[in-house]
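Worksheet: the structure to be examined is printed underneath.
Values in this text are rule-based calculations from the coordinates and carry no lab data. Remember, predicted model here, so these are calculated numbers, not experimental data. Cβ placement follows ideal geometry from the backbone for every residue including glycine, while neighbour counts extend to all protein chains displayed.
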Amino acid sequence: MKNIVLEAKNLTYEYPGDEDTPAVKAVQDVSFAIEEGSFTAILGHNGSGKSTLAKLLCMIYAPTGGQILLNGKNMSAEDVTEADIMEARREIGMVFQNPDNQIVATVVEEDVAFGCENLGIPPAEIRRRVDEALDIVGMTRYARHAPHKLSGGQKQRVAIAGTIAMKRKIIIFDESTAMLDPLGRKEVMDTILRLNREDGITVLMITHYMNEAAMADRIIVMNKGQILDDGTPGEVFSRPEPLWKVGLDVPQTTELLYKLKKDGYDVPLDVFDPEICAKIIARALERGRS
Amino acid sequence: MKSDIAFGQYCEGDSLLHRLDPRAKIILAVLYIVVIFLAKSAASFGLLLLFSAALVGVSGISPRIVLGSMKALTFIIIFTAVINIFWMQGEVLLFALGPVKVYLEGIINAVLIVLRIMLLLVCTSMLLTYTTTPIALTDGIEQLLAPLNKLHVPVHEFAMMMSIALRFIPTLIEETEKIMNAQKARGADFSEGSLLQRAKALIPILVPLFVSAFRRADELATAMECRCYTGGAGRTRMNVLRYDWKDFAAIGVVVLLGAAVVVLNILVPGIGLAM
Amino acid sequence: MAVVELKNVSYIYNKGTPYEAKALDNINLTLTGDGITGLIGHTGSGKSTMMQLINALLKPTDGQVLIDGVDIWSEPKKIRQVRFKAGLVMQYPEYQLFAETVEEDIAYGPRNMGLSEEEVHERVLRGAEFAGLHPSLLTKSPFELSGGQKRRAALAGVIAMSPKILILDEPAAGLDPGGRREILGGVKKYARESGTNVIIVSHSMEDMAMYCDDLVVMASGKILMHAPCAEVFSRADELIAVGLDVPQITRVAYMLRQYGVDIGRDVYTVDWAYDKLRSKN
């Protein structure tokens, strides 16, 4: 059993209402535990509560009910101070959706250094970490560039470098690929996967792209503020009906296999690679229906 | 490429001037301005002209760019010259047009004052805007003013505001263009009609621009908080500004220059400024 | 009859400066006005430039852009009239809303056209209906709407101008699958019922396959292909060669041939693939 680094216990968040708008429970009684070094995708449509959940986990919002445990420490307890939260943010970072609105400095390397500077790390150490972080995300060439001239994918990589320079162990990506073109999306996804696999960083990725979710070890599906499904991509996508019901898609390979299975072919559903899918279909057709 | 305007003043380079510490450059600029005002005689102005030419030479920036930047000041230069020529009273009357009398002293004064304006411009642009990035300037000002922190002047916060503004100018220019295009596509017309109509035509641009700027500010604040930003206290910097011998040497040179100007004023008075 | 025609069109950004960049290189394109045309290509392939040329936001460096057979730059003073004919909905159009009410915002375009108030009102209702915006939302402030509703309000603002050609830049960007289906489904319905020629620019091959009739593929400032969807996707290898994607299902069909199951190369939707597989057995 691996170490649990982040845990939500009966987490609830209610947006306060006023005269015109009733209070809305964006997250309701959500519980899960995240293992160290794991890669979890949180999937849901707009308004499913997934972004609120991200903000809760990053302690931008304080839960109205339930708890968040970071390395076993209750971050939602009464006696948690502003300073404790700052301390916790050394462990957990967030990369946001809009690449432009999270870059502070006018030079790439200065931006990567921003977080470390806030932590009061000595200059020489910051220099070393910034160089290393830029290397990990493959942006060393652009160290002295102005961020506004970079592509969306590059800007997101700069933002990622900023969090890893702070030596954070957990990174939450809040729809960080949503505003990018396919190339930028691939750049960012490749970077996320590398961070997770090679550097052992725990990743939580909020997304509504099925293909991206399929790359995770685990998918938590959110709907109406609650967990609709939770399992490996294979498990979650092999039960497509509930996903379809709430307006989510499954990968096209799964959709085709699902239709064939319904016709009586003996095929698995948890296949996301077109080549493997083709092989399975070819074999199934040979064997015929059962 | 319009979004480059904000940084248009800075000329990329690796000259001695580029490499000086921004704080030293600000001090140098102030000192040099004092020296320029000390100059009274033609001889001392001659010395300063030579020195300024040397500055341009060292910076590696084309003299044409420097002269080009003076175009913006043409009006002020001509205005000052005219005022001096016609208002200045002296002893050697050159000619008179009715009540207006032009004296030789007036002409000399005009020439020297124009020279002074041009020297000021060259000095500030060479030392500051052309060879220092806006961000380095901001850093320099922040650190020079750091002692004011003790008087509870939020120096760091001002500097942070400045640098965020610099960071977002290109983004907002780009956004303005996008919004303008979008409204043009809906038939907006910014070039015709009365002043009032044209002002009204700007509303569909300004409202979305403000809304977006506030949204950006909000998101940026959250992002900064997530990156553990809590203001200036306890912060370190990756690039620490350090004076080295170059900076001290440069300041020494300008101090010597000031002394030379004073000496020249006394030893070679000749023709000079009357004021 | 060609609705939009591009004849030997080139466009160079910052011509005559060191930043000169050729965005379009001698393009010829004829759109006949049937259904939805998809415009695909990488960022920087020239598709945004092309869009802005058709909408007269940019003037071609060389060549002509014709709408209904008329060169749009023949009378530069009347260029606004061209923009009324070729409606353009930019990416993330919800960020351009500005008026006090949704109704006022949608009315902005029609008012600029100089229509009577009655006509404007009618157009607003029509635009809102096609964009799938409930009439009760018209009196609200656009800033009170949800993200998806804002997007529709912006779309309604352009539809209300009843353009002959409607150009949409990434209309579904940032939306979840449900939102994508609603907005793109709405556009498809609008194209069919109003007879408007719709051009959609998108990176999503799956969406393009689902909603477009023909596709224009652009790469490095040139048109690589212009053909019906089935034909374009049957040339998957060429698309992949210029770094574009094909729908996942097209890849499956492609691989199936290698395992001896031929369901054709032109498969681009799951239902089609499924039907073909069924008819095989």
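Which distance in nm do the two modelled labels at C:Q81 and A:D190 give, with both placed 7 Å along the Cα-to-Cβ direction?
Computed distance between label sites C:Q81 and A:D190 equals 5.1 nm.
Taking each residue of C:145-151 in turn, how many C-beta atoms of other protein chains fall within 10 Å of its C-beta, and what is the average?
Mean partner shielding for this stretch: 1.
With charges set only on the Cβ (+1 for Lys and Arg, -1 for Asp and Glu), what does the dipole of the protein assembly as shown come to about its Cα centre, in debye to the nearest 20?
My answer is approximately 1660 debye.
Other chains near B:193-206: what is the mean number of their Cβ atoms within 10 Å of each residue's Cβ?
Mean shielding by partner chains, rounded to a whole number: 1.
What number, in percent, do you get for the relative contact order of chain A if the mean sequence gap of Cα pairs under 8 Å and at least 6 apart is divided by its residue count?
With pairs under 8 Å counted, the relative contact order is 21 percent.
What ranking do C:223-232, C:247-256 get when scored by the average of other Cβ atoms within 10 Å per residue, highest first?
Ranked from most to least packed, the peptides come out as C:247-256, C:223-232.
On a 30 Å Cα-Cα criterion, which of the cross-link pairs A:K73/C:K150; C:K47/C:K164; A:K245/C:K188; C:K15/C:K188; A:K9/A:K245 come out too long?
Too far apart for the 30 Å limit: A:K73/C:K150; C:K15/C:K188.
Using the Cα centre as the reference, give the magnitude of the dipole from point charges on the C-beta atoms of segment A:4-249 (Lys, Arg: +1; Asp, Glu: -1; all else neutral), rounded to the nearest 20 debye.
Its charge dipole is roughly 600 debye.
In degrees from 0 to 90, rounded to the nearest 10, what is the angle of the helix B:22-38 Cα long axis to the longest principal axis of chain B?
30 degrees
Where does the protein assembly as shown land at 222 nm, in deg cm²/dmol rounded to the nearest 500, when only DSSP H runs of n ≥ 4 count, each adding -39500 (n - 2.57), divided by all residues?
That comes out to -15000 deg cm²/dmol.
Have a look at A:Q226, A:P147, A:V30 and report the one farthest towards the positive end of the charge dipole of segment A:4-249, computed about the Cα centre with Cβ charges (Lys/Arg +1, Asp/Glu -1).
Highest projection toward the positive end goes to A:P147.
Run through all the Cα pairs of segment A:251-290 and give the fraction in each 5 Å bin from 0, expressed as whole percent.
Distribution as computed: 6, 30, 38, 21, 6 percent.
Using the Cα atoms of the protein assembly as shown, I'd like the radius of gyration and the largest Cα-Cα distance, Dmax, both in angstrom.
Rg then Dmax for the protein assembly as shown, in Å: 32.3, 119.
Let me confirm one metric for peptide C:241-252, namely the mean number of other chain beta-carbon atoms within 10 Å of its residues' beta-carbons.
4
Where nothing but the Cβ of Lys and Arg (+1) and of Asp and Glu (-1) is charged, how large is the charge dipole of segment C:137-217 around its Cα centre, in debye to the nearest 20?
Computed about the Cα centre, the dipole is about 340 debye.
Label chain C by shape, choosing from rounded, prolate and oblate, from the square roots a ≥ b ≥ c of the eigenvalues of the Cα gyration tensor; if a/c is under 1.5 it is rounded, and otherwise prolate applies when a/b is larger than b/c, oblate when it is not.
Taking the square roots of the gyration eigenvalues as a ≥ b ≥ c, chain C is oblate.
Of the options C:T61, C:I36, C:L6, report the single residue whose Cα projects farthest towards the positive end of the charge dipole of segment C:3-68 (beta-carbon charges: Lys, Arg +1; Asp, Glu -1).
C:T61
Using mean Cβ contacts within 10 Å as the protection proxy, how do C:173-183, C:98-108 order, highest first?
C:98-108, C:173-183
Could you tell me which of C:L145, C:A107, C:A128 has its Cα farthest along the dipole of segment C:103-151 towards the positive end, charges placed at Cβ (Lys, Arg +1; Asp, Glu -1), taken about the Cα centre?
C:L145
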